[in-house]
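Taking it in order: structure first as structure tokens, then the write-up.
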Amino acid sequence: MLIEKYDLEVFTPPCEPGAERYAARARLTVDISEVLPYLNATLRGAVYLPEAHALTWKKGGHNIAFHAYEIATSNVEDREGAEKELKGLIDLVNRTWERRAEITPDTRTRQRPTPMALYKLLPKTNCKQCGEPTCYSFALKLAAAQKELNDCPPLSEPQYAEQRQALEEIVIEAPSIG
Ligand code: SF4
């Protein structure tokens, strides 16, 4: 296990005094820089900055940052949720490190796909089967990692096979962190 001990801190961000959202930070006793290229290879929409030993990621509306000796998350609705989120992220780092022999590390700095880039590859029929009113609102949630490709049933139909493949190349499905 890479991370065995950490200090957990849950707080209200100073830029948002009185805000009813929380941030949490785990201060680590080990350097997790070496796991960042493996996370970069597996996390959808992650942005890796090798020189800074940092990787940022958005998931479910949370802004998450992995640094050499720290993992942080923001925009969590309560303290309990912030602690749970951070523990899930620590498990994710540990699981990724344990699986590293199966993963090809990626040291590139990728741009997050824009909602418009994703929208262009969707069926654009606004059929609402994904629970969204339009394909564009689905693209917004896909870009924010709040939806997955499988949430759009028409993408499994043969006429959208090429679009699906193109989407899969720019959208890596997010692993569970809970
Ligand atoms: S299910 Fe797919 S095609 Fe239908 S509205 Fe949602 S994104 Fe568009």
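The values are calculated or read from the model by the stated rules, or taken from the named source; none is laboratory data. Keep in mind that this is a model prediction, so the values were computed, not measured. Positions of Cβ are backbone-derived with ideal geometry, glycine not excepted, and every protein chain shown enters the neighbour counts. Calculation scope for accessible area: heavy atoms of the full protein, side chains included, ligands and nucleic acids excluded. Shrake-Rupley method; radii C 1.70, N 1.55, O 1.52, S 1.80 Å.
In table form, for the structure just shown:
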read-out: For Arg25, net neighbour charge (Lys/Arg +1, Asp/Glu -1) across residues whose Cβ lies under 12 Å away; value: -4
read-out: In degrees, nearest ten, helix 161-170 long axis to first principal axis of the chain (Cα); value: 20 degrees
read-out: Dipole in debye (nearest 20) - the chain, about Cα centre, beta carbon charges: Lys, Arg +1; Asp, Glu -1; value: 460 debye
read-out: Average silhouette area of the stretch 6-102, convex hull of alpha-carbon atoms, in square nanometres; value: 6.2 nm²
read-out: Using θ = phi - 60° and Karplus 6.51 cos²θ - 1.76 cosθ + 1.60, couplings along the stretch 141-154 (whole Hz; Gly, Pro as x); value: 6, 5, 5, 8, 6, 9, 9, 10, 4, 5, 6, 10, x, x
read-out: Residues whose placed amide H lies under 5 Å from that of Asn63, excluding near-sequence neighbours; value: Ser74
read-out: Placed amide H near Lys147: partners under 5 Å, 5+ positions off or other chain; value: Leu142
read-out: Vicinal HN-Hα couplings computed from phi for the stretch 79-86 (Karplus, 6.51 cos²θ - 1.76 cosθ + 1.60; Hz; Gly/Pro x); value: 4, 4, x, 5, 5, 5, 4, 5
read-out: Average accessible area per residue (Å²) across the chain - probe 1.4 Å, nucleic acids and ligands excluded; value: 55 Å²
read-out: In sequence order, calculated HN-Hα J values of the stretch 91-105 (Karplus, 6.51, -1.76, 1.60; Hz; x Gly/Pro); value: 4, 4, 4, 5, 5, 5, 5, 5, 8, 4, 5, 8, 10, 8, x
read-out: Unit charges on C-beta of K, R, D, E only; dipole of the stretch 108-178, Debye; value: 300 debye
read-out: Lys/Arg +1, Asp/Glu -1 at C-beta; the chain dipole; positive extreme among Val35, Tyr6, Leu122; value: Leu122
read-out: Net charge dipole size for the stretch 6-102 [Lys, Arg +1 and Asp, Glu -1 on Cβ; Debye, nearest 20]; value: 300 debye
read-out: Among Leu155, Leu89, Leu43, residue whose mean-square fluctuation peaks in a GNM of the chain (springs only between Cα atoms under 10 Å); value: Leu155
read-out: Viscosity 0.890 mPa s, 25 °C: Kirkwood-radius Stokes-Einstein D of the stretch 57-112 over Cα pairs, µm²/s; value: 192 µm²/s
read-out: Column: log10 I(q)/I(0), Debye, Cα scatterers of the chain, q = 0.15 Å⁻¹; value: -0.91
read-out: Relative contact order, percent, the chain [alpha-carbon distance under 8 Å, six or more residues apart]; value: 23 percent
read-out: Portion, in percent, of the accessible area of the chain that falls on carbon or sulfur, probe 1.4 Å; value: 50 percent
